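The values are calculated or read from the model by the stated rules, or taken from the named source; none is laboratory data. Model, not experiment: these values are computed from the prediction. Because the Cβ atoms are built from the backbone with ideal geometry, glycine has one as well, and the counts that use them run over all protein chains shown. Note: accessible area is taken over every heavy atom of the protein model, side chains too, but ligands, DNA and RNA are not part of it. Shrake-Rupley method; radii C 1.70, N 1.55, O 1.52, S 1.80 Å.
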Amino acid sequence: PAAPAGPSPSELRAKRKERAERAGSRAVNRIASKFSGAIRAATSQASGLGTAIEDADTAYGQSERAFGQSDEKLGTKAGRDARLSEIAALREQKSKQVGRMKKRASALKRAISKLEALLKQGRAARNKAKGAKRAKINERLRAYEDRLSELKAELKALGVAVKDTELDIGDLAKEAGEVAGTPDDAPPDPPDPMDAVGQALSDIDLQERAGLLSADQARAARVATLTAALGSGTLDQRQQWEVMAQLRDITEAAAQATVDNTAALRDLKASIDAQTAFANSVSAVTSFQAVRALADIINGQLGNGVQQRRSMPGSGALSRI
């Protein structure tokens, strides 16, 4: 019988390629085994610190929002102390965050250093290999090169974040200095005593209009209010003059009202006297005299049949009419 046919040339080439690739992988594995533990530990530490940094950023934002809702009176010592306490708490959080970032940077640097050493040895092995083995080594090293690029980018971003955080700490320190140097607020101006006087006079006017006070009562209340303000010792010179002027206006108005009332009374009396005189002159004419005057009129109208007025007794003013 015929001998079985052996593997074809293509199958032989495939087997040789496979063996070469396995040899390339074994070469990379031997090199990577020297560094994998250190790389794994460093990247694990960097990852854990990354999570802690994110949590700390969240906590800082919450503190900043909470402090922003408070309203410190920086013009008072208590307000300045409260704000300085808040700034100190924020600075402490930022300082701790910088510490975490620097630790993470150290872990990343260790991982990067080990990866670079791995790649250095791997590239040396690749340069010695040929064919499929060389290609396989190069393929395996490419994954480590990608990871090295990622870690370097993280380290660079972390360096920027550290600088930004340190600037934030500087800004907080500057703010603390400004807060500490804030002067006390000026004391509020004392109330103007003329405001109280004006309010009291306004109340008196309103009570008079409402019929609760007569004109005389309202005038007396105004005088009492102004006199009390003048004697309080709280008015400056100009305010004293103003109160004195108001008192004078009230006094002069009262005097003028008295003069006007007196004149009105005189006019009324004169009018009453004139009416009384007229009434007296009319009342002086008696009923008897009126009858005689009427008789004279009738005598003139009716002729000789009526007795003449002059032959009747009596005389008077009406007899001469």
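Using only Cα atoms, what is the ratio of the radius of gyration of the stretch 98-179 to 2.2 N^0.38 Å? Write out the running numbers ahead of the final one.
Values: Rg = 20.0 Å, N = 82, 2.2 N^0.38 = 11.7 Å.
Relative to the 2.2 N^0.38 Å estimate, the stretch 98-179 comes out at 1.71.
Its residues counted as N, the stretch 167-274 yields a C-alpha radius of gyration over 2.2 N^0.38 Å of 2.09. For the stretch 98-178, the relative contact order comes to 42 percent (Cα pairs under 8 Å, sequence separation of at least 6).
Let's test the formula: R0 of 56 Å, r as the Cβ-Cβ distance of Asp57 and Asn127. What FRET efficiency results, to the nearest 0.05?
Numbers: r = 45 Å, r/R0 = 0.80.
Using R0 = 56 Å, I get an efficiency of 0.80.
So which aspartates and glutamates can Lys94 reach, going by Cα to Cα under 13 Å and dropping same-chain residues fewer than 8 places off? Cross-link targets: Glu54, Asp55, Asp57, Glu64, Glu86, Asp164, Glu166, Asp168, Asp171. Expressed as a whole percent, the accessible surface of the stretch 20-104 that belongs to carbon and sulfur atoms is 51, based on a 1.4 Å probe. Projected onto planes of every orientation and averaged, the convex hull of the alpha-carbon atoms in the stretch 25-78 covers 6.2 nm². Excluding same-chain neighbours fewer than eight residues apart, the aspartates and glutamates reachable from Lys17 by a Cα-Cα span under 17 Å are Glu139.
Kindly report the accessible area of the stretch 157-280 per residue (heavy atoms of protein chains, probe 1.4 Å, no ligands, DNA or RNA), in Å². Intermediate values should be presented prior to the final figure.
On the way: 8660 Å² over 124 residues.
Per residue, the stretch 157-280 has an accessible area of 70 Å².
Lys114: which lysines have alpha carbons under 19 Å from its alpha carbon, excluding same-chain residues fewer than 8 sequence positions away? Answer for Lys114, where 19 Å is the Cα cut-off: Lys34, Lys102, Lys103, Lys152, Lys156, listed by chain and number.
Here the dipole of the stretch 1-67 is about 860 debye; that uses its Cα centre as origin and unit charges on the Cβ of Lys and Arg (positive) and Asp and Glu (negative).
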